[in-house]
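The next block holds one structure in the form of structure tokens; read it before the comments.
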Ligand code: ADP
Ligand code: MG
């Protein structure tokens, strides 16, 4: 039989917009030391728009948007959506591309058709080629490709980073030729959540695949204690383990496919609202109202129920 207190507890939770998949997690929430939040789509709205672009000499903005939108044609990532939207707004048409590949937590790659490039006047070099290998992605992609970043793009990225803007690069045949700055908005509730968790005596951490600069800017703004940035999807769970090895009881809050292993690894995995099926299936608790403040309610509810039990 289900102990009465826990039964009351979970139905109370349901009334507060929490779906409890693991009752023990509900009970344990009172003992949490640290709450780790995914950044994009959890602490921020996750809807990004392209706000600025930089190109190297000899590459026009139109060319950069054409190539980037062509390579991002098949990606569901919100960065891809933002780039396609920005290109559409400029009336830029896409070129034929093949061999799309999503590089999780890094970016995308594809081969842009050589004939299409020539027809658009965008082919480089003298030799007609079958196609060109084009990437779009962030710092994790650049370190993997080991290409040098031109000074103009590096300066652009530094400035964007200081403003908490996410930067992704357009890379032709291994050479970065343009950079796009995207702005995201911190959710109003995120400020309240961090303050409220601190008042409850908990530590707050953030985990993201985005750059150090952006992560720092968002964390400073919110007053977050610990930041893990430029973390690849397959390494997110290791960061949760790091915190647990300090002896902390850890909750992880995330919305994406990438967050699933970290949700599983945490003492309490919390999927938030618009979360993907994978995130939801990996979670102990689902915040159906997509409000991060429900994390605070979870802790207070758990503490209140426990006190009643004594
Ligand atoms: P987060 O950890 O913040 O939820 P992701 O793991 O989805 O973010 O992505 C991490 C980083 O990988 C992004 O900030 C971006 O630099 C890069 N990235 C991922 N997908 C794409 C894409 N489709 N286009 C460009 N960059 C991408
Ligand atoms: Mg996310």
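Every read-out reported here was derived from the displayed coordinates using simple, explicitly stated rules and does not represent laboratory data. Just so we're clear, the structure is a prediction, and the values are computed from it rather than from any experiment. Virtual Cβ from ideal backbone geometry, glycine too; neighbours counted across all protein chains shown.
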Can you give the convex hull volume per residue for the Cα atoms of segment 138-197, as a whole number of Å³?
90
For the chain, longest principal axis from Cα atoms; helix 4-15 axis from its Cα atoms; angle between them, nearest 10 degrees, is 40
Angle between the chain longest axis and helix 78-89 axis [Cα atoms, degrees, rounded to 10]
40
Taking a cut-off of 21 Å, what percent of all Cα-Cα pairs in segment 1-157 are separated by more than that?
60
Taking every pair of distinct Cα atoms and averaging 1/r, then inverting, what Kirkwood hydrodynamic radius in Å comes out for segment 204-310?
14.4
Of 58, 209, 91, the one that fluctuates the most in a GNM where the chain has Cα springs shorter than 10 Å:
58
Note the angle between two axes, namely the Cα long axis of helix 151-162 and the longest principal axis of the Cα atoms of the chain, as a number of degrees from 0 to 90, rounded to the nearest 10.
20
Sequence gap at least 6, Cα distance under 8 Å: using those rules, report the relative contact order of the chain to the nearest whole percent.
24
Just need the relative contact order of segment 49-183 here, percent rounded to a whole number, with Cα pairs under 8 Å and 6+ apart.
29
To make sure I understand, if each residue's beta carbon is the centre and we count other beta carbons within 10 Å, what order do 135, 198, 77 fall in, fewest to most?
198, 77, 135
Which whole-number percent gives the relative contact order of segment 242-290, counting Cα pairs below 8 Å spaced six or more residues apart?
32
Residue 225 versus residue 57: modelled label distance in nm, points set 7 Å from Cα along the beta carbon direction
5.1
Spherically averaged projected area in nm², based on the convex hull that wraps the Cα atoms of the chain:
17.1
Sort 252, 293, 18, 206 by Cβ crowding within 10 Å, fewest neighbours at the top.
293, 18, 206, 252
Selected from 120, 229, 279 as most flexible by GNM, with the chain as the system and alpha-carbon contacts under 10 Å
120
Share of antiparallel DSSP beta bridges in the chain, in percent to the nearest 5?
65
Treat each spin label as a single point 7 Å out from the Cα along the C-beta direction, and report the residue 21 to residue 148 distance in nm.
4.9
Highest mean first, what order results for 100-109, 26-35 on Cβ atoms within 10 Å?
26-35, 100-109
On alpha-carbon atoms, Rg over Rh for segment 93-231 using Kirkwood Rh?
1.11
Quick one: Cα centre-to-centre distance for segment 133-168 and segment 252-298, in angstrom?
30
Pick from 283, 266, 217 the residue whose mean-square fluctuation is largest in a GNM of the chain, springs joining Cα atoms under 10 Å.
217
How many percent of DSSP beta bridges within segment 152-310 run antiparallel, rounded to 5?
40
